[in-house]
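Below: the structure, in structure tokens.
The values are calculated or read from the model by the stated rules, or taken from the named source; none is laboratory data. Owing to the predicted nature of the structure, the values given are computational and were not obtained by experimental measurement. A quick note on method: Cβ atoms are made from the backbone with ideal geometry, for glycine too, and the neighbour counts reach across all protein chains shown. Quick note on the areas: whole protein, heavy atoms, side chains included, nothing else; ligands and nucleic acids left out. Shrake-Rupley method; radii C 1.70, N 1.55, O 1.52, S 1.80 Å.
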Amino acid sequence: MGSNIFIIWCLIALSCLCCDAVEVKLVVKGSKSIAKTDEDFICATLDWWPETKCNYNQCPWGKAGILNLDLKNKILANAIRAFSSLRIRIGGSLQDQVVYDVVGASLRKCPHFKRMEGGLFGFSKGCLPKERWDQINNFFHEMGVRLTFGLNALVGMRKGGGPDDSLMVGEWDSKNAYDLINYTASKGYKIDSYELGNELCGSGVSARVEAVQYAKDTVALKKIVAKFYPNPATRPKVLGPAGFYDKQWFDAFLDTTGPNVVDGVTHHIYNLGAGVDPTLINKIQDPSFLDQIAETYRDVAATIERHSPWAGAWVGEAGGAYNSGGRYVSHSFVDGFWYLDQLGMTAKFNHKVFCRQSLIGGNYGLLNTNTFIPNPDYYGALLWHRLMGTSVLSTSHTGSSYLRAYSHCSKKTTGIAVLVINMSKYTTFEVTVEDDAKIYEYDQEGYVNAYEREEYHLTPKDGNILSDVLLLNGVALKLTGASGIPAMEPRVVDASLPMKIAPRSIVFAVLKGFKATACA
């Protein structure tokens, strides 16, 4: 009896594999945009973790921390340069223990991070030497990076005592940050934005600061930045609070800072849970689970609209799974289901920037920690950066929830760019893109002028969703002989034909002939 049931299930599975593709109509409302992103929406982080940062019996950071990272690595340089203007955020858990040994600073010594019981996140204080800061800025300038630098917000503070051992009280001592900003401005280094503190808001992670005090410290930072950058046109932005969303805390923080102090409201996302979670790979492929975080994005956008409409929403750090990500999952093809879906979702909720944890380091790096070779999500990020414009369009379909779709005005051409993610294991979808207003361009003979469509089909090597090797239109993406990022050429097809979205694949497409008035 048991063997017969097994045979029946096998036949069902085979029939699913052989069944016809499911037709889906993807409706894009091209009459007006529903949100706007920054021109450089894609962002990646660099962290302070030393080699001794370990989780779950592994130490996945190697020499990827900002103090140890090999800035002369050709792959690193080419990977950053490929974006032309990649946003990079330097920050993370240890930033509130970093002191800056620059001209004007009166430090007795410049300490190295060491394991320390009772220290914040289990580490002692660390130091950014002037020589390293010079190297970082010179390298980033050459690469065209737009840099966000996270400042230590806990200098001068002390534990509040009592039952809440994580509460830090007192005022921020801004002297060391003042010296760093003074030195940075005097050298002409270009900083896109300064951010105060890391994950100190709400209930905090390892430490926390009350909203009113945090707001006062942020106002103090704003004054320092204005002093050394008197021209508002070139003045770095001030960001915060760089932590997990807590409505009451965020409301109080923004109300206390007042108008035009905070330029970007940054919040962090690790909605997949712990990196060690054995169900991590299932969460990434579960559309109902992925949809849950939309409420946070919606609430953050609403908070900003009510309390600081002059500011933009930023995802300042998002690695999917916390504690360095999933060992076998976060650097593989399947992670793109989470990552690219989050990009589409946050853009839809009017977020300006999305910073991926990390560019390199941990299990979730866009680049391999040891070899620097790009992981699949690197190429997904690069395609988004090159194809998806700033204007977000309403996109919907009535098909399976395992088919995710987002559309923007095309970044560099006429028409629109579409991202379609098929998380289904067996189902192929044939997707036809339609304008809800039915606005088309006709040729001289009265036929719809569909133009050509450029398609970028992303799939894993050998169909293994845990593979680190990404195929573009069936061909593996590999570095060039000069350690360069390979050319990513599209498949050009007749736009009147539906897009065929294979099971467990990701597709970017540019529809140059799609006449969206929002993109005119």
Considering every residue within region 122-143, establish whether at least one is open to solvent by 20 Å² or more (accessible area, probe 1.4 Å), touching a residue at least 40 places away in the same chain (Cβ under 8 Å) and at positive phi.
-> no
Is there a residue being of a type in the set (Asp, Glu), crowded, with 18+ Cβ neighbours inside 10 Å and modelled with pLDDT of 95 or more anywhere in region 215-234?
yes
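Table: residues versus (1) among the polar types (S, T, N, Q); (2) open to solvent by 10 Å² or more (accessible area, probe 1.4 Å).
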residue: ALA311; (1), (2): no, yes
residue: GLY316; (1), (2): no, no
residue: SER324; (1), (2): yes, no
residue: TYR328; (1), (2): no, yes
residue: PHE333; (1), (2): no, no
residue: PHE349; (1), (2): no, yes
residue: PHE372; (1), (2): no, yes
Condition set out of contact with any helix residue (DSSP H, G or I) (no Cβ under 9 Å at 6 or more places or on another chain) and within 19 Å of CYS201 (Cβ to Cβ), scope region 158-181, selection surrounded by the most Cβ atoms within 10 Å (Cβ to Cβ): answer is LEU167
Picking from TYR194, TYR245, the residue that is modelled with pLDDT of 95 or more and touching a His at 6+ places or on another chain (Cβ under 6 Å) would be TYR245
For this session: With respect to THR256, determine if the residue is touching a residue at least 12 places away in the same chain (Cβ under 8 Å), assigned to a helix (DSSP H, G or I), within 20 Å of GLY92 (Cβ to Cβ) and in contact with a helix residue (DSSP H, G or I) (Cβ under 9 Å, 6 or more places away or on another chain).
Result: no
Wholly inside region 450-520, strands (runs of 3 or more DSSP E) that include 1 or more residues that are in contact with a helix residue (DSSP H, G or I) (Cβ under 9 Å, 6 or more places away or on another chain) and open to solvent by less than 70 Å² (accessible area, probe 1.4 Å) are 452-460, 470-472, 505-511
Reported set for region 202-212 where residues are outside any loop (DSSP other than H, G, I, E, B) and surrounded by fewer than 20 Cβ atoms within 10 Å (Cβ to Cβ) is VAL212
Margin query: So, LYS216, is that one basic (Lys, Arg) and part of a helix (DSSP H, G or I) or not?
Written below: yes
Picked from region 261-282 (must be closer than 22 Å to ARG504 by Cβ and among the aliphatic types (A, V, I, L, M)), the residue most open to solvent (accessible area, probe 1.4 Å) is ILE281
Condition set small (Gly, Ala, Ser) and either farther than 17 Å from ARG81 by Cβ or modelled with pLDDT under 95 (or both), scope region 144-157, selection surrounded by the fewest Cβ atoms within 10 Å (Cβ to Cβ): answer is GLY156
Taking region 182-201 and keeping only residues that are in contact with a strand residue (DSSP E or B) (Cβ under 9 Å, 6 or more places away or on another chain), open to solvent by 10 Å² or more (accessible area, probe 1.4 Å) and part of a loop (DSSP other than H, G, I, E, B), one is left with TYR189, LYS190, ILE191, ASP192, GLU199
